[in-house]
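**Q** Input: one structure, supplied below.
The values are calculated or read from the model by the stated rules, or taken from the named source; none is laboratory data. Predicted model, so just to flag it, every value in this text is computed and none were measured. Here the Cβ is made from the backbone with ideal geometry for all residues, glycine too, and neighbour counts use every protein chain on show. For accessibility, only protein heavy atoms count, side chains too; no ligands or nucleic acids. Shrake-Rupley method; radii C 1.70, N 1.55, O 1.52, S 1.80 Å.
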Amino acid sequence: MIYADYILEVKDLSLDFKSEGDKILNNISFNIRKGEILGLIGNSGCGKSMTALSILGLLPKDARILSGQVVFDKNDLLEKTDRQMREVRGKDIGMIFQEPYTALDPLKTVYKNLEEVLTEHEDLTREVRREMIGKMLERVGFENTGDIMKRYPHELSGGQRQRVLIAGACLLKPKLMIADEPTSSLDTVTSMSILELIKSLCAELRMSVLFISHDLSIVGNFCDRVLVMKKGNIVDSGNAFDLLYNPQNPYTAELLSNSRLDPKQLDLEFNKPSFSSECALKVTDLCAGYTSGNGFRKERKEIIHNLSFKILKGEVVGLIGSSGCGKTTLTRAICGLIRPYSGTVTDTKGKLGVVFQDPIMCLNPAHTVMWHLAEPLRANKIKMSKDELKKAAVDALVSVGLDENILGRHPSQLSGGQRQRVAIAMCLMLNPSLIIADEPLSALDTSSGARILKLLSQINKERGTSILLISHNLRVVRAATTYVLVMDNGNIVEDGPTKNVLSHPKTEVTKKLLLAETTLHMNPDRQQFMTE
């Protein structure tokens, strides 16, 4: 149910970066009514995340508000001090960040991270706090909440960290929830449960939601109204159904056309050359996990159990499974970032490139993009002249769809999608023989994701580079891989040619993933949008 009175009004908001002068937001205005779910869409870098950070007063130091008002519950947030904004954040306005790793304190357990939300705003006993946190963790999909509360962020998968962040944002039942790509790192099954959770909280609490997403099919099913952004401007707005299924604005129509791109229509070259019988990677009886606790109370937690598989030279293998099944732990074990308990990992071809799910994990906030692109060369003692290095860096940026004018920027000055593309460019600087791509498209809009997929396709074809593609997007896995592995609870429960596994699944795990994908992206019935 939507109410006529507004919970948030943004009026003529403009901002830029001091170091550049170009406007990031250009006199944008919009409002959100009580109980309304407002969608905000646009290509990566258009200003969606900066809009959210402006509302919360969390802009980078180099950013400055040039003009405008942000009126929340009849108070202009831009006039509040930092101390006053701390009272608003978490209690009255909740935020689900696109990159959960940066929003969670790595030195604190899950329980301590979430407890801080409560102790900052409420005077509650430890027992009450623990009960509230446990119940909210259950609501966002965790089963063994006692074990999850003891873990540190690095002991969780990307999807698990996202669910922890959502739990923290919902703990105090805020009046407004800002959700910046809340499901981009989640599998389809978990995404369904998270969207249902947010929608139920919206109905129960008259909570409003600003829902930022690249996935237009989700926006169409989930939101009441939609705003369309382009280069810092709001270029279109309207009822979700009318705007997304009968667009009048040319740019909106272009976004929709791009969002419906079928990877099969991109002329991908994956696996068109016949790959050899030579192994690029061989994993045998691998067991890995992490050790928690300290002193005499250390406890070994095994996440993956006796995994065995191989990737041939020039082959592209897909790896799918629900959030928390062990995909990221497997990636870390293969890369040598954690020591396996047993088993072997044989990289027979030498250079290994990795594209992580959370790009902020491999980007140093103190350094520029140019420094990051040079880092793989420094680490491998590859010397280049200054001109050669800049040319290699520019070529890498252009190959992932970025301009050389971002070479001097820091990670905080980039959108989530731009950071992911910088991470991919870093990977390409060494010309690896095997690339492990852990959700490389999750932070990108569809058109940018299509370019990255096309790029990986060209690398696979021209260089014979093998790829392990970890993805929640089953359409991408269908189009880009010839062989697929399905993981659940640390085990490979099904594997085989992609076409066979995803067309005729044998396990309940695979069937559940396929059903959730169909449900999540199905066309909505017009009646569900008749909210007034």
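**Q** Evaluate the range 119-131: report whether one residue or more is of a type in the set (A, V, I, L, M, F, W, C), open to solvent by less than 30 Å² (accessible area, probe 1.4 Å) and on the phi < 0 side of the Ramachandran plot.
**A** no
**Q** Something else now. Among the strands (runs of 3 or more DSSP E) lying completely within the range 1-95, list those that include at least 1 residues that are loosely packed, with under 15 Cβ neighbours inside 10 Å.
**A** Working: elements: 6-17, 23-33, 37-41, 63-72.
In the range 1-95, 6-17, 23-33, 63-72 are the strands (runs of 3 or more DSSP E) which contain 1 or more residues that are loosely packed, with under 15 Cβ neighbours inside 10 Å.
**Q** Okay, moving on. Residues ILE24, ILE41, ILE55: which one is in contact with a helix residue (DSSP H, G or I) (Cβ under 7 Å, 6 or more places away or on another chain) and over 28 Å from LEU201 (Cβ atoms)?
**A** Exactly one residue qualifies, and that residue is ILE24.
Yes/no matrix, rows are residues, columns are (1) of a type in the set (A, V, I, L, M); (2) at pLDDT below 90:
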residue: GLY45; (1), (2): no, yes
residue: LYS61; (1), (2): no, yes
residue: GLY68; (1), (2): no, no
residue: ASP73; (1), (2): no, yes
residue: LYS80; (1), (2): no, no
residue: MET85; (1), (2): yes, no
residue: VAL88; (1), (2): yes, no
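**Q** In the range 468-523, how many are among the β-branched types (Val, Ile, Thr) and touching a Cys at 6+ places or on another chain (Cβ under 6 Å)?
**A** Here the count works out to 0.
**Q** Out of everything in the range 189-214 that is of a type in the set (Val, Ile, Thr) and open to solvent by less than 10 Å² (accessible area, probe 1.4 Å), what residue ends up being modelled with the lowest pLDDT? Step through it out loud before you land on a result.
**A** Within the range 189-214, the first condition is being of a type in the set (Val, Ile, Thr), and the residues that meet it are 189-190, 194, 198, 209, 212.
Now restrict to residues that are open to solvent by less than 10 Å² (accessible area, probe 1.4 Å): 194, 198, 209, 212.
Numbers: ILE194: 78, ILE198: 82, VAL209: 94, ILE212: 92.
Among residues in the range 189-214 that are of a type in the set (Val, Ile, Thr) and open to solvent by less than 10 Å² (accessible area, probe 1.4 Å), the one modelled with the lowest pLDDT is ILE194.
**Q** May I ask you to list pairs of residues, at least six apart or on different chains, whose Cβ atoms are under 6 Å apart, with the first in the range 6-17 being closer than 25 Å to GLN413 by Cα and the second being of a type in the set (Phe, Trp, Tyr)?
**A** VAL10/PHE30
**Q** Contact list please: Cβ distance under 6 Å, first residue in the range 40-51 and touching a residue at least 12 places away in the same chain (Cβ under 8 Å) and of a type in the set (D, E, K, R), second residue buried (at least 24 other Cβ atoms within 10 Å of the Cβ) and in a loop (DSSP other than H, G, I, E, B), pairs at least six apart or on different chains.
**A** Cβ pairs passing all conditions: LYS48/GLY42.
**Q** Residues in the range 199-228 that are more than 22 Å from ALA516 (Cβ to Cβ), of a type outside the set (S, T, N, Q) and in a strand (DSSP E or B): how many?
**A** Residues in the range 199-228 being more than 22 Å from ALA516 (Cβ to Cβ), of a type outside the set (S, T, N, Q) and in a strand (DSSP E or B): 5 in total.
**Q** Go through the range 132-145 residue by residue and tally those that are open to solvent by less than 50 Å² (accessible area, probe 1.4 Å), within 16 Å of LEU156 (Cα to Cα) and without any contact (Cβ under 8 Å) to a residue 40 or more places away in the chain.
**A** Counting residues in the range 132-145 that are open to solvent by less than 50 Å² (accessible area, probe 1.4 Å), within 16 Å of LEU156 (Cα to Cα) and without any contact (Cβ under 8 Å) to a residue 40 or more places away in the chain gives 3.
**Q** Here's a follow-up. Being open to solvent by 20 Å² or more (accessible area, probe 1.4 Å) and under 21 Å from GLY289 (Cα atoms) narrows it down to one residue among LYS150, LYS175, LYS112; which is it?
**A** On the way: LYS175 fails: under 21 Å from GLY289 (Cα atoms); LYS112 fails: under 21 Å from GLY289 (Cα atoms).
Checking each option against the conditions leaves just LYS150.
**Q** Still on this model: Filtering the range 386-423 down to residues that are among the β-branched types (Val, Ile, Thr) and modelled with pLDDT of 85 or more, which residue is most open to solvent (accessible area, probe 1.4 Å)?
**A** Ranking the candidates gives VAL398 first.
**Q** For the range 244-265, name all the residues that are modelled with pLDDT under 85 and crowded, with 16+ Cβ neighbours inside 10 Å.
**A** LEU244, LEU255, LEU256, ASN258, SER259, PRO263
**Q** Can you name every residue in the range 338-385 that is in a loop (DSSP other than H, G, I, E, B) and surrounded by fewer than 12 Cβ atoms within 10 Å (Cβ to Cβ)? Show your work before the answer.
**A** Step one: of the range 338-385, the residues in a loop (DSSP other than H, G, I, E, B) are 338-341, 347-351, 356-358, 363-368, 380-385.
The answer is ARG339, GLY350, PRO365, ALA366, ASN380, LYS381, LYS383, SER385.
**Q** So SER217 fits all but one of (1) buried (at least 24 other Cβ atoms within 10 Å of the Cβ); (2) under 24 Å from LEU256 (Cβ atoms); what number is the exception?
**A** SER217 satisfies all of (1) buried (at least 24 other Cβ atoms within 10 Å of the Cβ); (2) under 24 Å from LEU256 (Cβ atoms) except (1).
**Q** Okay, moving on. Is it fair to say LEU389 is part of a helix (DSSP H, G or I) and without any contact (Cβ under 8 Å) to a residue 24 or more places away in the chain?
**A** Working: part of a helix (DSSP H, G or I): yes; without any contact (Cβ under 8 Å) to a residue 24 or more places away in the chain: yes.
Yes; evaluated as a whole, the condition is true for this residue.
**Q** If you scan the range 424-448, which residues turn out to be modelled with pLDDT under 80, open to solvent by less than 10 Å² (accessible area, probe 1.4 Å) and among the small types (Gly, Ala, Ser)?
**A** Answer for the range 424-448, where residues must be modelled with pLDDT under 80, open to solvent by less than 10 Å² (accessible area, probe 1.4 Å) and among the small types (Gly, Ala, Ser): ALA443, SER448.
**Q** Now for a separate question. Could you check how many residues of the range 455-475 are open to solvent by 20 Å² or more (accessible area, probe 1.4 Å) and within 18 Å of the chain's Cα centre (by Cα)?
**A** Total satisfying the criteria: 3.
**Q** Just to verify a result, which residue in the range 505-532, among those that are modelled with pLDDT under 55 and of a type outside the set (A, V, I, L, M, F, W, C), is least open to solvent (accessible area, probe 1.4 Å)?
**A** PRO524
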